[in-house]
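One structure below.
The values are calculated or read from the model by the stated rules, or taken from the named source; none is laboratory data. In this text the structure is predicted, and so the values were computed from the model without any measurement. Calculation scope for accessible area: heavy atoms of the full protein, side chains included, ligands and nucleic acids excluded. Shrake-Rupley method; radii C 1.70, N 1.55, O 1.52, S 1.80 Å.
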Amino acid sequence: MLLSETSGDPRARASGLAVRAVADLLGLPAGEVRLGREPSGRPYALGAGRRVHVSVSHGRGVVAVAAAAHTPIGVDVERERPLPAVPLARRWLAPADAEWLTRQAAGWHPTAFLWLWTQKEAIGKARGTGLRDGGMRQPVPLPAAWPDPVGVLPPRQVPGTDLTVAGGRLCGALVLAVAAAGWPGGAPIRIARVD
């Protein structure tokens, strides 16, 4: 997975990172990778006669791209910021999520809300549905308490699905989640920051 800060057009940066991620994954020169979109808008890449699953997230000066050769993948990244986390959780998330959020220290509410949101976005992207069809109500595995201030939780099974999700808070005030089906052996997320 590649992560980059950007001050320019995030879509252009995302395309460049997607090509780079797929080229690295397949061991190809970047010039041999082509990007495309399914009719639903979901991105993919072609290289060396292979189709590769790609997921892109961008906003607020940051871009994240994940690629997988054998399984659909989803990624979402958000920059930490003040927001009315508890009212938003009660409006958009499952009741269990909102209840979990209210049990966390008040100072962590915005970050914990973004942690929940990014996981649900990543799951929706991996499923190919985005947030349609009740994606915000999709249960996610909840730890008893908010994790360490900086760190990514290990991959965890998403209840009622074949998906696994991992996510957390990164240095630089970023909250990130990645979801995929058939995660190989619970392998950790490998994040490369790109200038």
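Assuming 0.692 mPa s and 37 °C, estimate D for the chain with Stokes-Einstein, Rh taken as the Kirkwood radius over Cα pairs, in µm²/s. Walk me through the numbers on the way to the answer.
On the way: Rh = 16.9 Å.
Translational D for this selection: 194 µm²/s.
Measure off, as a whole percent, the carbon and sulfur share of the 1.4 Å-probe accessible area of the chain, all protein chains present.
Solvent-exposed carbon and sulfur of the chain make up 55 percent of the total.
Work out, step by step, the length gained on full extension between L83 and A145: first 0.36 nm times the residue separation, then minus their alpha carbon distance; give nm to one decimal.
Between L83 and A145, full extension yields 20.3 nm more.
Below 8 Å, C-alpha to C-alpha, sequence gap of six or more: please give me the relative contact order for the chain in percent.
On the way: 415 pairs, mean separation 40.0, N = 195.
About 21 percent, as a whole number.
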